[in-house]
Amino acid sequence: LKEKHKILHQLLQNNTSPGDL
Amino acid sequence: PEAADLRALSRHLYEAYLKNFPLTKAKARAILSGKAGDKAPFVIHDMKSLMEGEQFINCRQIPCQEHHQQQLAPALAPGLAGLTEAHCGSDGNISDELELRFFNSCQSRSVEAVREVTEFAKSIPGFIDLDLNDQVTLLKYGVIEILIIMMAPLMNKDGTLISYGQIFMTREFLKSLRKPFGQMMEPKFEFSVKFNTLELDDNDMTLFLAVIILSGDRPGLLNVKPIERLQETVLHSLELQLKISHPDSLQLFAKLLQKMTDLRQIVTDHVHFIQLLRKREVDMCLHPLLQEIMKDLY
């Protein structure tokens, strides 16, 4: 599941800024 | 003591709500009723005013950027931020291009909103201790429902606030867009007008959002029990909150929970619209994050 949802996973793990998306 | 714990949970979540979603229901309703004290929102009601809306946003772009830099996330709504980045070409139908650009700006705002919802979810006590795969599943299935719920305070029967409450776009204009753009928002208006009759305040909304995120019946969850335990606590907190904030509103708790069924149908229809768009609009690219969320959703 994590493989198929890399960005969601990344958002959960980090404080991703909107620019990174 | 138990009630005190539930109130503490409510306060904690409300703080996270304010931190992540600064355009509160209270502020949105003040703007819609002309009591915000600020300038009235710019009204988009046709293609001409949509183009003027781009200029309007251009003029106000600097405060918006500052807003982001302060990490004060704006309210959940389709926005116009991306509109200023594209320009109508000399070829082709300008209205078609404007509509597509508007859709793309809504996508950008949705991506930002997903980030905000994720941060809010992480603030729910116990959420980050759940299995990481289950956290992904809860967000995948919950986030569009949350976005639709959070649109309700921005809407009335005539239109919706967008672009952080700076613009009001009329329902008739949205309906007039070409298919399927013109069909996409109508179910959300119908839902929102009914939902708004419940007259929830921001505190109530906070707990309802947390309840939706902690749905133990999402497909593919690995470990349902801890999710259900967390949801049960938030449900108790919501029930108590509603008794305090709406003492005369009988069955409000039950009515609110019933809305969760309506929401799932709206999300299913929304995903269908997006699939239709991807087939019809050759120039349309769906953002990778939104692709992730919508792939194999329903």
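Summary of computed values
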{"quantity": "Ranked B:S33, B:S237, B:S245, criterion: other C-beta atoms within 10 Å, fewest first", "calculated": "B:S33, B:S245, B:S237"}
{"quantity": "Too-long pairs where the Cα-Cα distance tops 21 Å, listed order kept, from A:K4/B:K259; A:K2/B:K295; B:K25/B:K225; B:K25/B:K295", "calculated": "A:K4/B:K259; B:K25/B:K225; B:K25/B:K295"}
{"quantity": "Cα centroid separation - the stretch B:3-29 against the stretch B:238-298, whole Å", "calculated": "20 Å"}
{"quantity": "Kirkwood hydrodynamic radius (C-alpha pairs) into Stokes-Einstein, the stretch B:123-181, 37 °C and 0.692 mPa s, D in µm²/s", "calculated": "233 µm²/s"}
{"quantity": "Exposure proxy order (Cβ contacts within 10 Å, fewest to most) of B:M205, B:M47, B:M151", "calculated": "B:M47, B:M205, B:M151"}
{"quantity": "Principal axis dimensions, the stretch B:124-268 - Cα atoms, whole angstrom, descending", "calculated": "46, 39, 26"}
{"quantity": "Summed side-chain charge close to B:L132 - residues other than B:L132 whose Cβ falls under 14 Å, Lys, Arg +1, Asp, Glu -1", "calculated": "+1"}
{"quantity": "Globularity index of the protein assembly as shown, i.e. its alpha-carbon radius of gyration over 2.2 N^0.38 Å", "calculated": "0.98"}
{"quantity": "Rg [Å, one decimal], Dmax [Å, integer] - the stretch B:172-244, C-alpha atoms", "calculated": "16.9, 46"}
{"quantity": "Per-residue Cβ neighbour rank within 10 angstrom, fewest leading, B:L257, B:L277", "calculated": "B:L257, B:L277"}
{"quantity": "Residues of type aspartates and glutamates that B:K19 reaches as a straight line, Cα spacing below 15 Å, ignoring anything fewer than 8 places off in the same chain", "calculated": "B:E112, B:E116, B:E119, B:D202"}
{"quantity": "Calculated [θ] (222 nm, deg cm²/dmol) that DSSP helices of n ≥ 4 give over chain B, each run adding -39,500 (n - 2.57)", "calculated": "-20500 deg cm²/dmol"}
{"quantity": "Environment charge of B:P22, counting only residues whose C-beta is closer than 12 Å and scoring Lys/Arg +1, Asp/Glu -1", "calculated": "+1"}
{"quantity": "Gain on full stretching of the segment that runs from B:D217 to B:E15 - 0.36 nm per residue minus C-alpha separation", "calculated": "70.0 nm"}
{"quantity": "Cα-based Rg of chain B normalised by 2.2 N^0.38 Å, two decimals", "calculated": "1.00"}
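Rule-based calculations on the coordinates, nothing more; no lab input. Just so it is clear, the structure is predicted and the values come from calculations on it, not from any experiment. Every residue, glycine as well, gets a Cβ built from its backbone with ideal geometry; the counts of neighbours run over all protein chains shown.
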